[in-house]
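Nothing in this text is a laboratory measurement; each read-out follows from the coordinates by a stated rule. Just so it is clear, the model here is predicted, and its values are computed rather than measured. All Cβ positions, glycine included, derive from the backbone under ideal geometry; neighbour counts span all protein chains shown.
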Amino acid sequence: MTDRRNFLRLSALGTGAVLTAQACSEHALVESNPTLQPETAPAMKETPIVVSTWKHGITANLAAWNLLQSGGYALDAVEAGVRVAESDVENRSVGLGGYPDKEGKVTLDACIMNEKSNCGAVAFLQDIENPVSVARKVLDETPHVMLVGKGALDFALAKGFEKRNLLVPEAEEAWKKWMEGSNYTPPPINTENHDTIGMLAIDSSGRISGACTTSGAAYKMHGRVGDSPIIGAGLFLDSDVGAACATGLGEAVIRVSGSAMVVELMRQGHAPEEACKIVVERIINKLGDMTHIQVGFLALNKHGEYGGYSVYNGFNFALKTGTREALIDCPFNRKW
Ligand code: SD4
């Protein structure tokens, strides 16, 4: 966890990174650039651009960037990007290798949305490694927005996706251990227990897209669906304004239509970080007791400005543009 709280200097950028004083960022790390003064660095608008939640966003961003740098479509980029996290067997919160629910089943939620407000989503999907690509098929090839459970699985199989056991031995072992002493009470979603990937991108033609994918809360009730596949909660965008995504306790995010609210606040003129902060504060005010409940939002406006904010320390996001690559720690409301 320490690395999440610390700034990361990525080797691709070499040395000499400086801390800026931009909004999200006495916490932000930018690459060395002699023309950038810390105080003026905030004018960070550059497209194409991709941002994504958590440290695993670094490698996911690179997959997205492969497409973005050659003029590719933002929607293809976010799909390719988050697939990396889904297929990462070490990632316990997304796709293959994710923690199971309390019945020992890995169930996945994902959604994807493009600049025309077309979207696709799947929820409570089992045995498919890359739910975001099933969501993409829902977007591209159905008149619907969301498919769930067996319907989503049948659809995926009909589209040629292959079944795969997503429960890896390490996650199964952890689940069995949890069963012994848990009293069947799911652990809190805190900084140790969630890594959903949300990714937002603008391509070189100015098209904005987003994707969000997760295995959800560890040891959740069977059938539980969180915010991540819900357009407006885990992800939302409007090409007139920008995009936002969420990570953390889905139930808290859904209750305030979190990502949609962030976008609406940006529409009213708030900077991305400020918009995220207002929604986090709204959640804190509504829930009252935030003990062990982490929620974080990440936002990107149509100009390429970005920011994030969370309830507790520890939330960060990965950034990639043509000149910058960084993991950025977000400001937060309260100490862990
Ligand atoms: C959920 N929001 O299912 C997800 C969990 C999460 O990082 O964000 N994990 O509630």
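Of note:
- Residues satisfying the stated conditions in region 129-158, i.e. touching a Lys or Arg at 6+ places or on another chain (Cβ under 8 Å) and exposed (fewer than 15 other Cβ atoms within 10 Å of the Cβ): 141, 157
- Residue ID - nearest to the ligand (Cβ to nearest atom), chosen from residues in region 105-133 that are on the phi > 0 side of the Ramachandran plot and in a loop (DSSP other than H, G, I, E, B): 127
- Only one entry in 269, 226, 314 is more than 11 Å from the ligand (Cβ to nearest atom), part of a loop (DSSP other than H, G, I, E, B) and either closer than 26 Å to residue 84 by Cβ or in contact with an Asp or Glu (Cβ under 8 Å, 6 or more places away or on another chain) (or both), namely 314.
- Some residue of region 279-295 being in contact with a His (Cβ under 9 Å, 6 or more places away or on another chain) and assigned to a loop (DSSP other than H, G, I, E, B): yes
- Filtered by the rule that a residue be in contact with a strand residue (DSSP E or B) (Cβ under 7 Å, 6 or more places away or on another chain) and either part of a loop (DSSP other than H, G, I, E, B) or surrounded by fewer than 24 Cβ atoms within 10 Å (Cβ to Cβ) (or both), region 76-97 gives 93, 94, 95.
- In region 229-251, the residue that is farthest from the ligand (Cβ to nearest atom) out of those that are among the aliphatic types (A, V, I, L, M) and surrounded by fewer than 24 Cβ atoms within 10 Å (Cβ to Cβ) is 241.
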